[in-house]
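Written below as structure tokens is the structure these notes are about.
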Amino acid sequence: MAARLTMHQLLYNMRKTNASDLHLKVGLPPVFRVAGELRTPPQIPPLSAEDTERLLREIIPPAMLPRFEEKGDLDFSSFVDTEDPHQTLTQQEQPNPQAVTPASADPKRKDRFRCNVFRAGGAMHGAIRRVRPDIPTFEALRLPPVYEKLADETSEGLILVVGVTGSGKSTTLACMLERINQKQAMNIVTIEDPVEFHIHPRMSIVSQREIGTDVPSYSSALKYAVRQDPDVIFIGELRDHDTVLAAVQAAETGHLVFGSLHTADTMQCFSRIVEFFPQHEHGFIRSALAASLKAVCAQRLMPANQDVAGTGVVPATEVLINNAVAKERIREGADTDLPAIIASSTQEGMRSFTQSLAELVEAEMVTLTTALEFAPNREALKSRLKGVEVKQGKLVGKLKG
């Protein structure tokens, strides 16, 4: 009889298949996300409630179990030694019981995983993301030059990277912070839940604080962050009134602040932030954002033409630079004017999703069909590509309006 499925085997399989995510849910087999698509390994039976609980308890740090039992939700990260090629989904032998370790225990391990464990329907479920062991470059991520310019030339103010879940925000922000670390002598303080990429000090000094391990809450960490003589502050997620207010205040006092926000594009970013504040504070926060904001970078990941791109997904990007015209519109609440400002300011480094999608199609990184599926405005994309020959595999077609 085959040995029971183990968490180590599942995590090894993530590495083997280059999966970005693993979902463990009662009543389903383990589900992997590979190149943006959900896939289920063959011949793996559905998991029972006992299976999911046993698997997830293998990876939860013991000190965090009481927090999970109280809250029903838990975020944490772990380093896992998945080097052993014999530890596969069908392996008969039990894995090394020391294979899964808390993230703080051994930062030199090969693979790092960001984990969310939660209760649903009275049972334990999990979503696990594999974090790349290295911090990729702007070129490897296929980000436009304006991202690197922002990291190199911005010394104070607020830079936001926004997108839906799974759009690569954390990786992009790690890339920008690593650029500063490599090129400038700065004191970088990060506040994350959990820490994903370890930034090893180069020219800069770095302190990475993890919620639940190093500090109890974002509000507590942010309260003391400005007293730690930082030049750069990274807030893992702007999730409520207090984190937004702290980010803006730090940016207003001469710090360079990076943060992420869950929103689809640059325009929606502002309404999302304003929602965190009561009505009578809307004018205040808009004025503060207009004064402190430097840029908003939105992104979404799309299935790529692997033969050309060399990867399963590529980002489509939208960038708003907070110039004088944008400041006025943000202050006035005229967010619907921002797309027009972006479209007319490409010489400043701004770019729209339509421009980004057109460039990806022209470079054959994505198919026209995929680009149209992700386009916020299909007619605008068609118009931009009108008359451009687009290769689709071995065929050459011409888009006709």
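Residues to consider are A326, A340; find the one that is within 23 Å of E281 (Cβ to Cβ), assigned to a helix (DSSP H, G or I) and at pLDDT 95 or above.
Details: A340 fails: within 23 Å of E281 (Cβ to Cβ).
It is A326.
Yes or no, residue by residue, for (1) at pLDDT 95 or above; (2) closer than 15 Å to I60 by Cα; (3) of a type in the set (F, W, Y):
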position: V100; (1), (2), (3): no, yes, no
position: P107; (1), (2), (3): no, no, no
position: A127; (1), (2), (3): yes, yes, no
position: R132; (1), (2), (3): no, no, no
position: T137; (1), (2), (3): yes, no, no
Considering the stretch 237-266 alone, what residues qualify as being surrounded by 20 or more Cβ atoms within 10 Å (Cβ to Cβ), hydrophobic (A, V, I, L, M, F, W, C) and under 19 Å from T172 (Cβ atoms)? L238, A247, A251, L256, V257, F258, L261
Name the pairs whose Cβ atoms lie under 9 Å apart, with the first residue in the stretch 12-31 and in the same structural domain as G312 (by TED's automatic domain parsing), the second not in a strand (DSSP E or B), and 6 or more positions between them or separate chains? none
Please verify whether L150 is aliphatic (A, V, I, L, M), at pLDDT 95 or above and over 17 Å from the mean Cα position of the chain (by Cα), treating the condition exactly as stated. yes
Can you tell me which residue among T346, T317, T336 is touching a residue at least 60 places away in the same chain (Cβ under 8 Å) and either on the phi > 0 side of the Ramachandran plot or over 21 Å from the mean Cα position of the chain (by Cα) (or both)? T336
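Table: residues versus (1) within 25 Å of F270 (Cβ to Cβ); (2) surrounded by fewer than 18 Cβ atoms within 10 Å (Cβ to Cβ); (3) not assigned by TED's automatic domain parsing to the domain that holds A264.
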site	(1), (2), (3)
E332	yes, yes, no
I341	yes, no, no
L360	no, no, yes
L381	yes, no, yes
Condition (residue is basic (K, R), closer than 17 Å to V162 by Cα and out of contact with any helix residue (DSSP H, G or I) (no Cβ under 7 Å at 6 or more places or on another chain)) applied to the stretch 261-278: is it met by at least one residue? yes
Scanning the stretch 258-301 residue by residue, those of a type in the set (S, T, Y) and either free of Cβ contacts under 8 Å to residues at least 40 places away in the same chain or closer than 22 Å to V189 by Cβ (or both) turn out to be S260, S292
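The values are calculated or read from the model by the stated rules, or taken from the named source; none is laboratory data. The shown structure was predicted, so the numbers you read here are calculated from the model rather than taken from an experiment. A quick note on method: Cβ atoms are made from the backbone with ideal geometry, for glycine too, and the neighbour counts reach across all protein chains shown.
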